[in-house]
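What follows is a single structure, written as C-alpha cells, with notes after it.
The values are calculated or read from the model by the stated rules, or taken from the named source; none is laboratory data. What you see is a predicted model; the values in this text were computed from it and never measured. Cβ coordinates were reconstructed from backbone atoms using ideal geometry, including for glycine residues, and neighbour counts include every protein chain displayed. When the accessible area is computed, the model is the full protein with side chains, heavy atoms only, and any ligands, DNA or RNA have been set aside. Shrake-Rupley method; radii C 1.70, N 1.55, O 1.52, S 1.80 Å.
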Amino acid sequence: MKTVAFHTLGCKLNATESSSIGRQFSGRGYEVVDIDQPADVCVINTCSVTERADRECRQIVRRALRHSPEAYVIVIGCYAQLQPEVIASIPGVDLVLGAKEKFELFTHAGGFEKKTATKVAVSPIGDVETFGTASSIGFEERTRAFLKIQDGCDYTCAFCTIPLARGASRSLPVEATVAQAFEVAAAGYKEVVLTGVNVGDYGKKIDTDLLALLRTLVQVEGLERIRISSVEPNLLTDALLDFWFDHPKLCNHFHLPLQAGTDDLLKGMRRRYRTSWYSDRVYRIKASRPDAGIGADVIVGFPGESKELFEETYQFLVELPLSYLHVFTYSERPNTPAAGFADQVEPRIRFQRSERLRILSAKKRMAFWSSFRGREVDVLFEGERERGWMSGLSEEYVRVRVPTDQNLVNQIRKVHITHIETAACRGELVDTSLYSRDVSTIPSSEVIPCVSQVS
Ligand code: SF4
C-alpha cells in the first residue's frame, strides 16, 4: 500500500485542510502515516504567522527526507502562497501549491514522479474566489470533526498577512454545510467545530449569515454539540448571542479575538471595535451564562505599545472575566502596514511582556477551572492522552480526566470534578449515562486517523 505523511503548522484551519486532503489520499488507497515514518509522499502544510516560517519549513523538509529519502515532497499553505520561490529553492521540494491549487493536488502532482526541477503552481491570490466544497471536513481523533465553513478575510488589520495568503472572504453554501454536517453525524462524531478565518463573516457574499446557518445546523440529527472556533467581537451581535444562549447544542464556549486592551492600539491595528464594546460582549455573555468559557487572542509588542499602553492592556485583561488567553508575540510580517510603522517595540521587551500575559492566562485558567470544583460537567471523551487517564473536553472548554475506561471513547458523560490539576481537572464519572453510541458501531472506513499536528 502506498503511504502519505503530513506535517501541519499553524491553526486549526490548516489542520482541517490537511485532514481533508488526507481523506483524498485515503480515498485513492493511500495509508496516512506519521511524518517520522517512511512514506511515498510527504505533504507539508505551512503557516506564515511566525517569522520562523522559512526555517521551520526547511527543517521539516529535511526531517521528512531523513525518514523517506525517495519521497515526493509537496509544500502547501499560507507560506507557500506568499513565498513560493523561497520554498522552491529548498533542496528536496518537488511541488509548491498555492491557495487555489492545494485542493487539486492530484492534478498538479501527476504521478508523483520526482523531477530535477521543482514545480510551482501558485495563482495570484486575487484569483481565489470560490470555496472548494470537497475541502471542508477534517477529523480529530474519533470524537470531534472540524467543518470549514468560511475562508479568507476582507478586513485589513495592520499586522495580518492572512488576506494576502488566503484571499477574500468566501463561504461554503448553507446546503453544502448542512450536507457535510449530516455526513459528520452519520460517521458518529458528536461534536462539530465550525472553523474559518473570520467565521462571524460567514455568508456575506451568498446572502445569508452565521445566525441563519446555525438555525439550520442545530436541526441536524445526531450532532450533539456545535462549537464555534472564534468570532470577531464586532460581528457578535445581540441576535447571535441570544440564539447561542437559547440553544443547548451550541457549546457554552466563546472565543473572541481581542488583540489589545487599549483603544489607541486597537485603532493602530485597524480593528473594528473598541474596548468598551469588547467588555460589553464579555459581560453580556457572563450575565446569561455565568459558567461560559471565554477565550481571547492578544498580540503583545505591536508598534507603539508603550509601557503605559501595555499596562493598560494588562489591567483590562486582569479585570475581565476571561477563562484563558492565547498570547502572540508581535513580529513584523512582510507587506503589512504595521511592518513600516514607527515605534517598533524592542524584541526583548515583547518577549518579557508576552511572558507576563502567559502567566496571567495560566492564573485565569486555574481560577476558571477551580469554579467547577465540586460540580458536574458534561465531558466528550477523546481517548487516553496519558497512561491510565482518559481525557476529554467539557462544553465550556475545560479539559477533564478520569481513570481510563476504553468504553468512554466518543461518549458524553457527566463528571463530578474533584481536583484541579495543572493540565486538567480530575473527576469521577457520575452514574447517569447521557449518550451511549459506541465508537465500535462506526464503520472503520469512516474513522479517519488524525493527520495533523497543530502547534
Ligand atoms: S480579521 Fe484581521 S486578524 Fe483576522 S484574518 Fe482578518 S485581517 Fe487578519
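Below is a table of values for the structure above.
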| item | result |
| --- | --- |
| Residue, farthest from the ligand (Cβ to nearest atom), within the range 258-279, restricted to residues that are over 19 Å from L357 (Cβ atoms) and open to solvent by 70 Å² or more (accessible area, probe 1.4 Å) | S276 |
| Count of residues meeting criterion [assigned to a helix (DSSP H, G or I) and within 16 Å of the ligand (Cβ to nearest atom)] in the range 161-175 | 5 |
| Options I294, I285, I299: the member that is in a strand (DSSP E or B), more than 16 Å from the ligand (Cβ to nearest atom) and open to solvent by less than 60 Å² (accessible area, probe 1.4 Å) | I294 |
| Subset of the range 141-160 (residues that are buried (at least 21 other Cβ atoms within 10 Å of the Cβ) and more than 8 Å from the ligand (Cβ to nearest atom)) | R142, T143, R144, A145, F146, L147, K148, I149, Q150, D151, G152 |
| Residue in the range 102-123 that is surrounded by 15 or more Cβ atoms within 10 Å (Cβ to Cβ), part of a loop (DSSP other than H, G, I, E, B) and within 16 Å of the ligand (Cβ to nearest atom) present | no |
| Given (1) at pLDDT below 95; (2) open to solvent by less than 20 Å² (accessible area, probe 1.4 Å); (3) of a type outside the set (A, V, I, L, M, F, W, C); (4) in contact with a Leu (Cβ under 7 Å, 6 or more places away or on another chain), number of the condition E305 does not satisfy | (1) |
| Hits in the range 392-422 (condition: open to solvent by 10 Å² or more (accessible area, probe 1.4 Å), part of a strand (DSSP E or B) and more than 15 Å from G293 (Cα to Cα)) | R401, P403, R413, K414, H416, T418, H419, I420 |
| Criterion: open to solvent by less than 40 Å² (accessible area, probe 1.4 Å), in contact (Cβ under 8 Å) with a residue 40 or more places away in the chain, assigned to a strand (DSSP E or B) and more than 16 Å from the ligand (Cβ to nearest atom) - qualifying residue of V220, V192, V178 | V192 |
| Number of the exception - I87 against (1) in contact (Cβ under 8 Å) with a residue 60 or more places away in the chain; (2) buried (at least 24 other Cβ atoms within 10 Å of the Cβ); (3) not in a strand (DSSP E or B) | (1) |
| Evaluation of L211 against (1) within 16 Å of the ligand (Cβ to nearest atom); (2) under 23 Å from the mean Cα position of the chain (by Cα) (one fails), failing number | (1) |
| Flag for A134 being modelled with pLDDT under 95, open to solvent by 20 Å² or more (accessible area, probe 1.4 Å) and in a helix (DSSP H, G or I) | yes |
| Residue count, the range 239-254 (criterion: in contact with a Ser or Thr (Cβ under 8 Å, 6 or more places away or on another chain) and open to solvent by 10 Å² or more (accessible area, probe 1.4 Å)) | 1 |
| Per-region count, the range 38-58, residues modelled with pLDDT under 90 and either open to solvent by 10 Å² or more (accessible area, probe 1.4 Å) or farther than 25 Å from A117 by Cα (or both) | 9 |
| Cβ pairs under 9 Å, 6+ apart, first in the range 265-294 and without any contact (Cβ under 8 Å) to a residue 24 or more places away in the chain, second polar (S, T, N, Q) and within 16 Å of the ligand (Cβ to nearest atom) | L266/Q259 |
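Yes or no, residue by residue, for (1) within 16 Å of the ligand (Cβ to nearest atom); (2) touching a strand residue (DSSP E or B) at 6+ places or on another chain (Cβ under 9 Å); (3) outside the structural domain of A287 (by TED's automatic domain parsing):
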position	(1), (2), (3)
K204	yes, yes, no
S230	yes, yes, no
D238	no, no, no
H247	no, yes, no
C251	no, yes, no
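Listed here are the residues, each with its yes/no results for (1) assigned by TED's automatic domain parsing to the domain that holds C160; (2) open to solvent by 90 Å² or more (accessible area, probe 1.4 Å).
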position: Y330; (1), (2): yes, no
position: R333; (1), (2): yes, no
position: A339; (1), (2): yes, no
position: E346; (1), (2): yes, yes
position: Q352; (1), (2): yes, yes
position: A362; (1), (2): yes, no
position: R385; (1), (2): no, yes
